[in-house]
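All remarks here apply to the structure that follows.
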Amino acid sequence: EPMGLGPRSLHKSGPRFPAGGKRGRGARGSGRPPPGRERQPCPPSDGRSNPAPDAHPHLSPEALGYFRRALSALKEAPETGEERELMVHNVLKEVETQALALATNRTGSEMLQELLGFSPQKPLCRIWAALCSKLRLVACHRCGVHVLQSALLQLPRLLGSSAEDEEAVVEEDGKDGPLDTLEELVLGLASEVCEDFLFYCGDTHGSFMVRTLLQVLGGTLLESERARQRGSQSSETQRVPVRECKPTDFEVPESFLNRLQDLCSCFLKDIAVFVTDKISSFCLQVALQILHRKLPQFCAHLCNAVISYLSSRNPSADGSPLLHFLRDQTSSRLLEQVLLVLEPQKLQSLFVDHFQGQLQTLAAHPIANFPLQRLLDATTTPELLSPMFEELGPALEAVLAQGHTGVVIALVAACRRVGAHQAQVLQLLLEAFHCAEPSSRQVACVPLFATLMAYEVYYGLMEEEGAVPAEHQVEMAAERALGEVTVLGSLLLQHLLHFSTPSLVLRSLGALTGPQLVALAQSPAGSHVLDAVLTSPSVTRKQRRRVLKTLKGQYVALACSRHGSRVLDAIWSGAALGARKEIAAELGEQNQELIRDPFGHHVARNVALTTFLKRREAWEQQQEAVAKRRRVLNSILED
């Protein structure tokens, strides 16, 4: 069928693109019981059970009620003070005696996770010791594992504090002998996991704990993992956008990094399992991200082991054996992570040995197109980009028609990052969206790219195959309301606006009518296109003004919209005094409407609209002072 339907097919059956998916089976319930009313809860009358050694300990309803009231009271208590410390101490004393029962109860585990957030170092160590006395039971329990994770995630908060200083209000009875420090407990947990590494990594729940332990030992918390711990298992089709992880670093003792290396050496002993087993593979993916930041040499060693293993498996007739694994759901995800942490030189040789000549096949594959996207994401040199561009360029329209828009976005992003092939990729996009010829159609590229629809599909034209394409009709384009802006379409335009010569896209933006540009600014995805116009270093002030002048007369509509108001704030913060006066004057005509609007009243406050309407001179002085401060700050930053 004609490729005019290419981008349209995307529009209807959205591509399988990373959408912040969560993996693993989280055990959080949604129904949280209502908090109790008492201020100072009384401990439960001995409702504790003595279960058989390996059975799940039972939590009595009385105990559950006590902890619910205690948590409620703690939330209402003052932030600091002796009374609060005493309350925390008493509640955690009770927690200690029932830690296992709480951790393995759905409601109890949720409360225990919250209570751990209040815990000082010593009580946490005692609770930790109680939980780890039955590590298998807790780590492989759908609720218990989240408690262990919460305990591990207290480390960034508590590692810097001194355990000696913290218990002034508490008298110790010392009946249990000396207490292990937090550092010793973490190292002890790591040793225990090391001894049974395959078991914990391969367990649906245990692997959560291993992944959190790897992060804590490396002093790096990964955003994607934190999101994953909060959510339940999602469909296979959702992929975590690995590049979007924003790690948070914290100080850890040297012993943690040594133990991290010991733990990661366990991957090498059973590399076959970690490459093929879905649950275990997640642990190796997290390990690579942590090692890349903290122990890069060991990370390279681990990557080499993965690549060597995969390259040595059943060689196929159609090229490298690695290609077989790129098409597999589990090993392809691992390879995505490997590609993102490889050194540039190693990436180049991996491309030459395994990928070259196969890119179009990979781009068309429902699974292998994801590792290809990661390869493009990791590309930083013209030497690597050029052969990839030569291979993928001619297939751009076909890739769009298959719904694998992520590959096209990754290629455009690589052209932006490397600063090469920009004019060529733009020309290929114009051809793929059927707006290259006749050249009058080029001015329509923004709505086409934004909605991921070909020219004749967007404007509803019936063109015979092989017929000469019609000229662009400006009146027809002006009457067509802007179509729904897609996330990927918005990303495409953002990258193009950061190209060294974004004039064609800016000309197309300038050709939009006021209502069309407002619709773009009010759209959740489209508003980011205007952010790019405002922030791209390759857009000149004159070009910016030319695009934004279309918004005159539309400022109130922008101010009264969730996303439009954010765009208007960004325009305001970059505007000179003359432009600010124009914006304020236009908004002032609808002052009452703005003040009543949930988004508009924020804009009115930001613009200081009341001052502008009632004390114009004071407003101008205020704005002059702001502009002066900004000039000073810019000159400091430039120095």
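Take the alpha carbon gyration tensor of segment 485-537, find the square roots of its eigenvalues, order them as a ≥ b ≥ c, and report rounded if a/c is under 1.5; if not, report prolate when a/b exceeds b/c, else oblate.
oblate
With every protein chain in place, what's the accessible area of Ser265 (1.4 Å probe, Å², nearest 10)?
Accessible area, nearest 10 Å²: 40 Å².
Would you rank Arg541, Arg441, Arg629, Arg566 by solvent-accessible area, highest first, keeping every protein chain in place and using a 1.4 Å probe? The partial results should precede the final answer.
Values: Arg541 180, Arg441 5, Arg629 155, Arg566 90 Å².
Result, largest first: Arg541, Arg629, Arg566, Arg441.
Where the accessible area of segment 374-480 is counted over protein heavy atoms with a 1.4 Å probe, how much of it, in %, is carbon and sulfur?
Working: 2240 of 4170 Å².
The C+S portion of the solvent-accessible surface of segment 374-480 is 54 percent.
Counting only the heavy atoms of the protein chains, how much of Arg157 is accessible to a 1.4 Å probe, in Å² to the nearest 10?
110 Å²
Would segment 375-419 count as rounded, prolate or oblate if I go by the C-alpha gyration tensor, calling it rounded below 1.5 in a/c and otherwise prolate when a/b exceeds b/c, oblate otherwise?
prolate
What list of ³J(HN,Hα) couplings, whole Hz, do you get for segment 487-503 from phi and the Karplus terms 6.51, -1.76, 1.60, once you set θ to phi - 60° and write x for glycine and proline?
Each residue of segment 487-503 in turn: 4, 5, x, 5, 4, 4, 5, 4, 5, 4, 6, 9, 5, 5, 10, x, 4 Hz.
Could you put Thr204, Thr80 in order of accessible surface area, largest first, with the 1.4 Å probe and the full protein assembly present?
Details: Thr204 55, Thr80 115 Å².
In descending accessible area the options line up as Thr80, Thr204.
What are the residues whose amide H is under 5 Å from the amide H of Thr220, where those residues sit 5 or more places off or on another chain and H is modelled from the backbone?
Distant-sequence amide H within range of Thr220: Phe250.
Residue by residue through segment 364-381, which ³J(HN,Hα) values in whole Hz follow from phi under the Karplus form 6.51 cos²θ - 1.76 cosθ + 1.60 (θ = phi - 60°), with glycine and proline marked x?
7, 7, x, 10, 5, 5, 6, x, 4, 4, 5, 4, 5, 4, 8, 6, 10, 10
Past 30 Å, Cα to Cα, is the threshold; run Lys122/Lys278; Lys93/Lys278; Lys122/Lys269; Lys134/Lys278; Lys75/Lys294; Lys93/Lys269 against it and keep the listed order. Walk me through the numbers before you get to the answer.
Numbers: Lys122/Lys278 37 Å; Lys93/Lys278 40 Å; Lys122/Lys269 36 Å; Lys134/Lys278 26 Å; Lys75/Lys294 37 Å; Lys93/Lys269 42 Å.
Pairs exceeding 30 Å: Lys122/Lys278; Lys93/Lys278; Lys122/Lys269; Lys75/Lys294; Lys93/Lys269.
Of the peptides 366-372, 305-311, how do they stack up when ordered by the mean number of other Cβ atoms within 10 Å, highest first?
In decreasing order of mean packing, 366-372, 305-311 become 366-372, 305-311.
Rounded to a whole number, what % of the accessible area of segment 526-631 do carbon and sulfur atoms account for, probe 1.4 Å?
50 percent
Going by Cα centres, segment 87-160 and segment 586-639 are how many Å apart?
50 Å
So with the 1.4 Å probe, I'd like the accessible area per residue for segment 270-310, rounded to whole Å².
Values: 1360 Å² over 41 residues.
In whole numbers, segment 270-310 has 33 Å² accessible per residue.
Taking the mean number of other Cβ atoms within 10 Å as a proxy for protection, how do you rank 528-535, 405-412, 457-464 from highest to lowest?
Highest-to-lowest ranking by the protection proxy: 405-412, 528-535, 457-464.
Under the classification rounded if a/c is under 1.5, otherwise prolate if a/b is larger than b/c and oblate if not, where does segment 502-639 fall, given a ≥ b ≥ c as square roots of the Cα gyration tensor eigenvalues?
oblate
Can you give the accessible area of His89, probe radius 1.4 Å, in Å² rounded to 10?
30 Å²
The values are calculated or read from the model by the stated rules, or taken from the named source; none is laboratory data. Given the structure is predicted, the values throughout are model-derived calculations rather than measurements. A quick note on method: Cβ atoms are made from the backbone with ideal geometry, for glycine too, and the neighbour counts reach across all protein chains shown. In case anyone asks, the SASA skips ligands and DNA or RNA and just uses the protein heavy atoms, side chains included. Shrake-Rupley method; radii C 1.70, N 1.55, O 1.52, S 1.80 Å.
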